[in-house]
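Here's the structure we're looking at; comments come further down.
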Amino acid sequence: MFLRDIDIEYIQPCIVVPNRIRFKARLTDDITEVMPYLNSIIKNAVYNHEGQLLTFTKEQRLLTLYPLELTVAKALSSTDAYELTDWVKNLINDTYANKDKIKPMYEKRAKPTPLEIYGWLPKKSGCRLCGEPTCLAFAAKLILGEKQLKDCPPIWEPGKEDLLEPLQGIMEALGV
């Protein structure tokens, strides 16, 4: 067994999406060497080899793997959180066990769409604090690197951590 365990450090309620949670977990073993193999088999992954992180979705959940950490946003419940950690652990261990049959992929896949990024923004109606006419326009410029998360004041407001953390993971994975 390559990865011994994934221990949840905290679970917090999702403020933006009612009845959802986010959580952070610590991996007992460094998975850096497995990440390019995971990138190869997880078809919707965004991998940043230099930043050593892999972000992907599983249904509506957003998962980000770091060498020794897992963060998840929009999980359904604490039971779902524990099931996800088991699933990720098995995925990592199965990938490691079969790495001789998998071609590692070090490059990034296609960037997420503006609509996907838009789904993580606070969408304060007509605030325009970022200098853009809409949140969708801001999302498009964010992906292009023409805007940064710091340009969206509402995302930094207390209680928006459910949105900020996943977006920071996506931006890091994109190298933006």
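The values are calculated or read from the model by the stated rules, or taken from the named source; none is laboratory data. Since the structure is predicted, the reported quantities are computational estimates derived from the model, not experimental observations. In this analysis, Cβ positions are derived from the backbone assuming ideal geometry, glycine residues included, and neighbour counts consider all displayed protein chains. Note: areas computed on protein heavy atoms with side chains; ligands, DNA, RNA excluded. Shrake-Rupley method; radii C 1.70, N 1.55, O 1.52, S 1.80 Å.
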For this session: From (1) over 14 Å from the mean Cα position of the chain (by Cα); (2) open to solvent by less than 80 Å² (accessible area, probe 1.4 Å), pick out the condition that doesn't hold for K150.
Result: (2)
Exercise. Do we find a residue being of a type in the set (A, V, I, L, M), over 19 Å from Q12 (Cα atoms) and touching a residue at least 60 places away in the same chain (Cβ under 8 Å) anywhere in the stretch 93-104?
Worked result: yes
Exercise. Can you tell me how many residues in the stretch 47-59 are in contact (Cβ under 8 Å) with a residue 24 or more places away in the chain and open to solvent by 20 Å² or more (accessible area, probe 1.4 Å)?
Worked result: 4
Exercise. Are any residues in the stretch 7-43 within 14 Å of I92 (Cβ to Cβ), within 15 Å of the chain's Cα centre (by Cα) and not in a strand (DSSP E or B), and if so, which ones?
Worked result: M35, L38, N39, I42
Exercise. Taking P122, is it within 22 Å of E50 (Cα to Cα) and assigned to a loop (DSSP other than H, G, I, E, B)?
Worked result: no
Exercise. For the subset of the stretch 66-104 comprising residues that are part of a loop (DSSP other than H, G, I, E, B) and in contact with a Phe, Trp or Tyr (Cβ under 7 Å, 6 or more places away or on another chain), which member is farthest from K147 (Cα to Cα)?
Worked result: I102
Exercise. Of all residues in the stretch 66-76, how many are β-branched (V, I, T) and open to solvent by less than 10 Å² (accessible area, probe 1.4 Å)?
Worked result: 1
Exercise. Residues in the stretch 113-128: is at least one on the phi > 0 side of the Ramachandran plot and in contact with an Asp or Glu (Cβ under 9 Å, 6 or more places away or on another chain)?
Worked result: no
Exercise. Just checking, which of K123, K108, K141 is out of contact with any strand residue (DSSP E or B) (no Cβ under 9 Å at 6 or more places or on another chain) and either aromatic (F, W, Y) or touching a residue at least 12 places away in the same chain (Cβ under 8 Å) (or both)?
Worked result: K123
Seminar exercise, completed: Sole miss for V176 among (1) surrounded by fewer than 20 Cβ atoms within 10 Å (Cβ to Cβ); (2) of a type in the set (V, I, T); (3) at pLDDT 85 or above is condition (3)
Exercise. Out of (1) open to solvent by less than 80 Å² (accessible area, probe 1.4 Å); (2) in a helix (DSSP H, G or I), the odd one out for L63 is which?
Worked result: (2)
Exercise. If we keep just the residues of the stretch 99-131 that are over 30 Å from K141 (Cβ atoms) and open to solvent by 60 Å² or more (accessible area, probe 1.4 Å), which is nearest to the chain's Cα centre (by Cα)?
Worked result: K103
